[in-house]
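The block underneath contains the structure these notes are about, expressed in structure tokens.
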Amino acid sequence: MKISSFLFTALTILMSLSTAISSQPPLLNFLNCFSHNSHASNVIYTPNNTSFLTILNKKMFHKKFQTPTTPKPLAIITAKDASHVQATIKCAKSNNIQIRIRSGGHDYEGYSYVSDVPFLILDMFNINSVDINLQEETAWVGSGATLGKIYYNIAKKSSSLAFPGGSCFSVGAGGYFSGGGYGNMMRKYGLSVDNIIDAIIVNVNGNILDRKSMGEDLFWAIRGGGGASFGVILSWKLKLVHVPPQITVFNVTRNVDGGATDVVYKWQLIAPKLHKDLFIRAQPTVVQIGNGTKNVVQVIFFGQFLGTTESLLLLISESFPELGLKKSDCFSMPWINSTLFAYSRPIGTPLEALLEEPQAGYSKGQSDYVKKPIPIDALESIWKKMIEGQTLFMQWNPYGGRMEEILSSQTPFPHRAGNLFKIQYFNNWTDGSPKSIESHVNFSRSFYKFMTPYVSNSPREAFLNYRDADIGANHPSNTTKLDIAKTYGIKYFKGNFERLVSVKTKVDPENFFRYEQSIPIRTY
């Protein structure tokens, strides 16, 4: 009787403890779980911590998500190694809490740090090592490393090696690479993902996998399909590319009143057909003239040539004389310095500027693909529409070259042959009032609608790195419906969407890694 009474009492105590633990808030359960599965306690910030908002806003490129009414995470985990990532996945999953994975914080829609359901932020910015292997001509980079840090470290080791990444050097590797990533050398070497040869990922079971152990399907999916749908990518192995010791860059500005429209029309015909070593971007921008009394459109032609000024001038004179490029417009410099020039930094800017943190602002970004030249009369209409909004500019990035040679199915990024150029729309402003934000976002949407006749259709294609909620999203984000996911998935991935769904269903069958525009699982 005494033994039975003791067992009954012990069982009652255990059941009470179990009930107490299960009735605790999910965050408290998560914190307890994390402390038992990780060796560090100083990597978690909750709203009770005085540094919480500082950490939250540190990597938040878009101020429109810094408002008091913007949903805040239950906690931020500033992971320093793989064990913190593993513990976050395990403990968030066991407590049914969503996680948002953030590396650089440039996400146009804030999906890496905002959610409409309770969530945690897994910050990767401390996992940012860059290890160069000159013999292999490769680099292992952490997902939290910025493009600027990658470029800076490559240049410290070699003046003849580079990596084909973007011109915004404060972007984090994690989101940038997993979305595709492009830059001024894409006509020569393709996208960033076309030059990634391995990766380390933590999957939904907390296992650490490389390319061999994750398998080719998953390795295919994370190189352009958005890594956050499949796991947490710790690092990437890059295949570095060769550049001359000196390359040539230029900026040429033409006013619409001075014939820029004709130059832009010719640019559409010639830019995708130029030598692979030459990249010329057209950037229509609204500027004020006459002491600010009149708004006009200027077009800035930025060029990068992997060769000498003399060779460039000869090439332009033969194929694109309308540009009117002169020797005085051209500057010869090492590739590393060109990364600053491309970001409109003055010549002579110290290379350490590549390591700077981004400056947050108010903006709305979108994208389009153009397959047929836009007629001159339509270009003139576009300039008029731009002047209405005043703050929107575009970057027209030419295709052709290497981009035509890679099959659309080789990576999830499908926008290859058949495109003349890609458009990035970028509307940025300074007034953070709700009325101003609404006005600017509405203009961006109206401009995007205005461009419909001139861009791709069926589907109207979009670029994952320029995340756009307007093309479709799942709300609330704790459910991912396949029919809704198709609305954005087909635009981002075209025919590759179905393969991404198959990979997702296989590696994350319970759909733990999800957000408003994640890849869905297939239910049977």
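Please state the shape class of the stretch 17-148: rounded when a/c is under 1.5, otherwise prolate if a/b exceeds b/c and oblate if not, all from the C-alpha gyration tensor. Oblate shape, in that a/c is at least 1.5 and b/c is the bigger or equal ratio.
For the chain, the carbon plus sulfur part of the accessible surface works out to 55%, probe radius 1.4 Å. Between Gln390 and Ile376, full extension at 0.36 nm per residue minus the direct alpha carbon distance yields a gain of 2.9 nm. Cross-link partners for Lys422 among the lysines, with Cα-Cα distance under 18 Å and sequence neighbours closer than 8 places in the same chain left out: Lys188, Lys266, Lys273, Lys276, Lys364, Lys371, Lys372, Lys449, Lys491, Lys494. Relative to the first principal axis of the alpha-carbon coordinates of the chain, what is the inclination of helix 376-389, with its axis defined by its Cα atoms, in degrees from 0 to 90 and to the nearest 10? Here the helix axis deviates by roughly 50 degrees. Estimated translational diffusion coefficient (Stokes-Einstein, Kirkwood radius over Cα pairs, 25 °C, 0.890 mPa s) of the chain: 101 µm² per second. Within the straight-line cut-off of under 13 Å between alpha carbons, the aspartates and glutamates reachable from Lys93 are Asp508, Glu510, sequence neighbours fewer than 8 places apart in one chain being disregarded.
Dipole orientation for the stretch 385-502: of the candidates Gln390, Pro459, His475, Pro459 has the Cα lying most toward the positive pole (charges on Cβ; Lys, Arg +1; Asp, Glu -1).
Where only DSSP H runs of four or more residues are counted, the chain gives -9500 deg cm²/dmol as its mean residue ellipticity at 222 nm, each run worth -39500 (n - 2.57). A crude spin-label estimate for the pair Lys481 and Asp131, with each label 7 Å from Cα along the Cβ direction, gives 4.6 nm. Here the extension length gained between Ile347 and Lys63 equals 99.3 nm, from 0.36 nm per residue of separation less the Cα-Cα distance.
The residues of the stretch 199-322 present an accessible area of 38 Å² per residue when probed at 1.4 Å with all protein chains retained. Take every DSSP beta bridge whose two residues both sit in the chain; close to 85 percent of them are antiparallel. When all alpha carbon pairs of the stretch 326-419 are counted in 5 Å bins from zero, the resulting P(r) reads 2, 8, 12, 13, 14, 19, 20, 10, 1 %. By the Cβ-Cβ criterion of under 4.7 Å, the unpaired cysteines of the chain are Cys168, Cys330. Need one word for the stretch 101-154: rounded, prolate or oblate. Basis is the Cα gyration tensor (sqrt eigenvalues a ≥ b ≥ c); a/c below 1.5 gives rounded, then a/b vs b/c decides. Prolate, because a/c is 1.5 or more and a/b exceeds b/c. The residues of the stretch 384-458 present an accessible area of 45 Å² per residue when probed at 1.4 Å with all protein chains retained. Computed about its Cα centre, the charge dipole of the stretch 86-168 is approximately 200 debye, with only Lys, Arg, Asp and Glu carrying charge at their Cβ.
The residues of the stretch 70-159 expose on average 32 square angstrom of accessible surface per residue, using a 1.4 Å probe on protein heavy atoms. Here the stretch 204-357 yields Rg over Rh of 1.10, to two decimals, using C-alpha coordinates and the Kirkwood radius. Relative to one another, the C-alpha centroids of the stretch 452-481 and the stretch 295-343 are positioned 34 Å apart.
To test your reading of the geometry: what angle, between 0 and 90 degrees and rounded to tens, separates the Cα axis of helix 147-157 from the longest principal axis of the chain? That helix lies at roughly 80 degrees to the long axis. Overall, the chain carries a charge dipole of about 540 debye about its Cα centre when +1 sits on the Cβ of Lys and Arg and -1 on the Cβ of Asp and Glu, all other atoms neutral.
The values are calculated or read from the model by the stated rules, or taken from the named source; none is laboratory data. None of the values given here were measured: they were computed from a predicted structure. Glycine also receives a Cβ, built like all others from the backbone with ideal geometry; neighbour counts cover every protein chain displayed. Just so you know, the surface numbers come from the protein's heavy atoms only, side chains and all, with ligands and any DNA or RNA stripped out. Shrake-Rupley method; radii C 1.70, N 1.55, O 1.52, S 1.80 Å.
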